[in-house]
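Read the structure below first, then the notes.
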Amino acid sequence: MARLLALGIPAAILLSVVLWISYTADFGLAYQGGVEAWNSGHPQRLLTWTGTPFYGVVMAAVSQMARVDLAARVFSTINVVFWGALLNIMWTRMSDRVPSTFWWVTCVAALLFAPAISTIFWLQPNLIVFGLALAGFVLVGRRDPLGGFLIGLSIALKPIVILLPLALLLRRQTREAGIWAIATTAVLSFAGLGFLAWRAADPSVLNPIDYLAGFLSKGRGPIAACVPENYSPVALLCRLGVEPSTTITIAVAAAVLLIGWLLLRRLPDSPEARWELFAVACLLSGMLGPIDWASYGVLMAPLFFLLAYQFWRESAPPPLWIGLGLAFLLAELVWDPLESLAQTPVPVVVFSYTAGQFSQYVLLLVWIRWRQLRPIAVWSSVLRP
């Protein structure tokens, strides 16, 4: 009962706070994009629109069904319910597999995971999109063809897990699901372009290259390029003096793809290794494009969870625990928009963003080092008297 309350009460409190604070945040910007998609078929004309064509269809439908304030409250409720459901499913399944202390520590860490809280208060769909991809991956493991569709739907809505279908293609057992995911993404995206072309009364809108070029230009624009809130490697290079361009964006994407291939191709075919594939694909997906807001850090959650469990079970050396803790603390530095609502001094906010961006890199390096040491750790646990 105590564990159920530990998961249910924070979700109820969070929902109350979110609904009490009356603002529309990023959902309001997406809503404006939906209005523009319905009226002109060109949501990309808005400086703040970086969504996919299919997301434009969804938001266009929402804009015709409800006022922005009512729609934002409904969306906030769905967001918190998704977050609470994810935590409840994961920690309920883990309750009889780990000691009580480990359960409580990881549960509190999950409840206080800043990227998830930021996603909810920014009114972004990251948790919903991630939840769809997670459900799809679970179904892929059960040979359910619906799995590929859910992953494709997730990416068509918002491509924050865009590398997952490519990771599925690396394994013969999941290759069909990867193909279905890519096909679903393509079909839904072209359906979105078709809707926009209909609303614009202009067949040229069907050209996906123009839409993609518009998105890449937003990544080089004033709302994303070089700003400390953008955690993407492209933005990091920009802050170091390398001007963003299409060439730089493509080069960074190619480097991320190569790193992902090198890291994932040698994973063994086991249930736990398949979850490592999912976790690393999620983490690297955030680094692929020119935009990676701090709230996209929800994609780090699977690897945090998996490493904590493996470290406990296989007695990882203290330096790895320290590295994992450092990555988590860096992720916890950014609590926007709560920081802004609390009128935190600007230098503090800038510092938190500047340092927080390195959480993803520290976490990846910890996993790589663990992969190198793990055979030794496994054999040591087997041979221990």
Per residue of the chain, what 222 nm ellipticity follows from adding -39500 (n - 2.57) for every DSSP H run with n ≥ 4, rounded to the nearest 500?
-23500 deg cm²/dmol
With N set to the residue count of the range 21-168, report its C-alpha Rg divided by 2.2 N^0.38 Å to two decimal places.
1.18
Rounded, prolate or oblate: which fits the range 228-385 when a ≥ b ≥ c are the square roots of the eigenvalues of the alpha-carbon gyration tensor, with rounded for a/c under 1.5 and prolate only if a/b beats b/c?
oblate
Hey, could you pull the Cα Rg and Dmax for the range 146-224, both in Å?
14.6, 44
Dividing the convex hull volume of the alpha carbon atoms of the range 187-313 by its residue count, what do you get in Å³ per residue?
149
The chain accessible area per residue, 1.4 Å probe, protein heavy atoms, integer Å², reads 46
Name the long-range amide H neighbours of residue 293: under 5 Å, sequence gap of 5 or more, or other chain; modelled H, no Pro or chain starts.
231
Within the chain, which is the longest segment that contains none of the trypsin sites (Lys or Arg not before Pro) sitting in a DSSP loop with at most 13 other Cβ atoms within 10 Å?
267-385
Compute the normalised compactness of the range 276-321: alpha-carbon radius of gyration over 2.2 N^0.38 Å, N being the residue count.
1.33
Two pseudo-spin positions, 7 Å from Cα along C-beta at residue 93 and at residue 22, lie apart in nanometres by 4.1
Carbon/sulfur fraction of accessible area - the range 11-170, other protein chains in place, 1.4 Å, %:
70
So for the pair residue 213, residue 144, with labels modelled 7 Å out along Cα→Cβ, what separation do we get in nm?
4.2
For the chain, list the DSSP H helices whose alpha carbon atoms reach 24 Å or more along the long axis and whose average Kyte-Doolittle value is 1.0 or above?
2-20, 68-94, 246-264
With springs only between Cα atoms under 10 Å apart, run a GNM on the chain and tell me which of 182, 291, 89 wobbles the most.
89
Determine one quarter of the surface area of the Cα convex hull of the range 289-365, which equals its mean projected area, and express it in nm² to one decimal.
5.8
Averaging sequence separations of C-alpha pairs under 8 Å and six or more residues apart, then dividing by the length of the range 26-73, give the relative contact order as a whole percent.
46
Using only the Cα atoms, what convex hull volume per residue in Å³ does the range 72-154 have?
94
Solvent-accessible area, 1.4 Å probe, carbon plus sulfur percent, for the range 205-263
75
Taking springs between alpha-carbon atoms closer than 10 angstrom, which of 270, 232, 154 fluctuates most in the Gaussian network model of the chain?
270
Just want to confirm a number: the relative contact order over the range 25-133, from Cα pairs under 8 angstrom separated by 6+ residues, in percent.
31
Between residue 313 and residue 206, 0.36 nm times their residue separation minus their Cα-Cα distance comes to what?
33.3 nm
In whole Å, what are the extents of the chain along the principal axes defined by its C-alpha atoms, from largest to smallest?
74, 46, 46
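The values are calculated or read from the model by the stated rules, or taken from the named source; none is laboratory data. Please read all numbers here as calculations on a predicted model, not as lab measurements. Don't worry about glycine lacking a Cβ; one is built from the backbone with ideal geometry, like all the others, and counts go over all protein chains shown. Just so you know, the surface numbers come from the protein's heavy atoms only, side chains and all, with ligands and any DNA or RNA stripped out. Shrake-Rupley method; radii C 1.70, N 1.55, O 1.52, S 1.80 Å.
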